[in-house]
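Colleague: Please find one structure pasted underneath; my questions will follow.
Every number in this text was worked out from the coordinates using simple rules, so none of it is lab data. Every value quoted in this text rests on a predicted model; they were computed, and no experiment measured them. Heads up, the Cβs are rebuilt from the backbone with ideal geometry, glycines too, and the neighbour counts pull from every protein chain shown.
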Amino acid sequence: MTNMAITAHGLHKSYGDRTVLDGIDLAVPEGTVFALLGPNGAGKTTAVKILSTLVTADAGELRVAGHDLASDPQAVRAAIGVTGQFSAVDGLITGEENMLLMADLHHLPKAEGRRTTAELLERFDLTDAAKKPASTYSGGMKRRLDIAMTLVGSPRVIFLDEPTTGLDPRSRHTMWQIIRQLVTDGVTVLLTTQYLQEADELADRIAVLHNGTIAAQGTPAELKRLIPGGHVRLRFTDPTAYRTATTTLTPTTHDDEALTLTLPSDGSQHDLRTILDRLDTHHIHADELTVHTPDLDDVFFALTSPTLPTQTNPDHPNQPKETAR
């Protein structure tokens, strides 16, 4: 049985008359990346603040790193690290001094604090800049230092609230590599992001917040299958094979000039096998077969539209399951 690093049941938070989180449920297995997506104001940062003990929930059963948030918040704080939207780096002191300050806050002995600082600065490729004021660092360097500071206490669970906002593409990819390595080392990461490609690249599971509730959650592949528009395109060079396929494979749309057919498909292994079996049965040879599935942009816009009627969850038995490819 998989151990859960984070669980939330019925998490609710309101500010005055405004409900920010309306009874959401989350389950994040240990050693995984879980991404929270949603438009601005959807409640992503509020959820992170609550789960990291910075804000108190109005209601809900919450556990992080095996500890109950309501009864033992101090134990939760000892087991987590938090990197917020805005850097916690002090620009007036050096990178090394920022790290040593964090070691002091964690009550590490002087020798251990210096050893941990040196190891993390090297790990995040900041050794050469360690003696320079952090105000001279680039955005990517500051973000790496920010996460290095978060790791001083060896947290089991890390909350990353939009960690790559404002970074250039190269720095963003460097940050992705860092996050992947953290998970390889057994750390659990709860990530909020505005970059859908980032969630697709990193997350084992994704939850989409909308109007204070979870509109859908599942693996990236499961979420993509919730959105219509997936299809298989067949391209032919033999006009005879193309005409045979046009009359045999239905329903299709076709392009007589390009000799291509388009068939609706969810992209699953079962669906592809069915199409290939039909081609073999009728001795039809396609020169090219390409699978097109909706991406997370399609999912995001569909699930967060103003007319979204109800919640959707791939884990529900009435929803399609992910099939191995």
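Colleague: Over all directions, the average projected area of the alpha-carbon convex hull for region 231-292 comes to how many nm²?
Modeller: 3.6
Colleague: Sequence gap at least 6, Cα distance under 8 Å: using those rules, report the relative contact order of the chain to the nearest whole percent.
Modeller: The value is 19 percent.
Colleague: Another one. Specify the residue with the greatest mean-square fluctuation among P163, P264, P294, computed from a Gaussian network of the chain linking alpha-carbon atoms under 10 Å apart.
Modeller: Largest GNM mean-square fluctuation: P264.
Colleague: Per residue of the chain, what 222 nm ellipticity follows from adding -39500 (n - 2.57) for every DSSP H run with n ≥ 4, rounded to the nearest 500?
Modeller: When only DSSP H runs of four or more count, the value is -10000 deg cm²/dmol.
Colleague: Could you state the number of Å between the C-alpha centres of region 75-91 and region 150-178?
Modeller: Cα centroid to Cα centroid, the span is 11 Å.
Colleague: Something else now. Working out 0.36 nm times the residue gap between T219 and E288, then minus their Cα-Cα distance, what length gain in nm do you get to one decimal?
Modeller: Answer, rounded to one decimal: 22.0 nm.
Colleague: Given +1 on the Cβ of Lys and Arg, -1 on the Cβ of Asp and Glu, and no further charges, what dipole in debye does region 1-105 carry about its Cα centre, rounded to the nearest 20?
Modeller: Charge dipole, region 1-105, about its Cα centre: 260 debye, nearest 20.
Colleague: Rg to Rh ratio, region 124-232, alpha-carbon atoms and Kirkwood radius?
Modeller: Ratio of gyration radius to Kirkwood radius: 1.04.
Colleague: Normalising by the residue count of region 231-292, find the relative contact order in percent from Cα pairs under 8 Å and 6+ residues apart.
Modeller: 52
Colleague: Still on this model: Kindly provide log₁₀ I(q)/I(0) values, in the same order as q = 0.13, 0.16, 0.19, 0.20 Å⁻¹, from the Debye equation applied to equal alpha-carbon scatterers of region 137-176.
Modeller: -0.26, -0.39, -0.54, -0.59
Colleague: Please compute the contact order of region 116-211 in relative form: average sequence separation of alpha-carbon pairs under 8 Å and at least six residues apart, divided by the residue count, as a percent.
Modeller: 26
Colleague: Classify region 1-105: rounded, prolate or oblate, from the alpha-carbon gyration tensor (a ≥ b ≥ c, eigenvalue square roots; a/c under 1.5 rounded; otherwise prolate if a/b is larger than b/c)?
Modeller: Here region 1-105 falls in the prolate category.
Colleague: Suppose we keep just the DSSP beta bridges with both residues in the chain; what percent of those would be antiparallel, to 5?
Modeller: 65
Colleague: Show which lysines lie in cross-link reach of K110 when reach means a straight Cα distance below 20 angstrom and same-chain residues fewer than eight apart are skipped.
Modeller: K131
Colleague: Two decimals is fine: what is log10 I(q)/I(0) at q = 0.16, 0.20 Å⁻¹ for region 4-57, from a Debye sum with one equal scatterer on every Cα and no solvent?
Modeller: So the normalised log intensities work out to -0.47, -0.74.
Colleague: Follow-up question, since we're still on this one. Let me know the charge dipole size of the chain about its Cα centre in debye, to the nearest 20, where only the beta-carbon of Lys, Arg (+1) and Asp, Glu (-1) is charged.
Modeller: The dipole of the chain has a size of about 640 debye.
Colleague: Sticking with this structure for a sec: Under a plain spin-label model, where a point goes 7 Å from the Cα along Cα-to-Cβ, how far apart in nm are L101 and Y15?
Modeller: If labels sit at L101 and Y15, their model points lie 2.7 nm apart.
Colleague: So, how do all the Cα-to-Cα distances of the chain break down into 20 Å bins, in percent, from 0 on up?
Modeller: 28, 46, 22, 4
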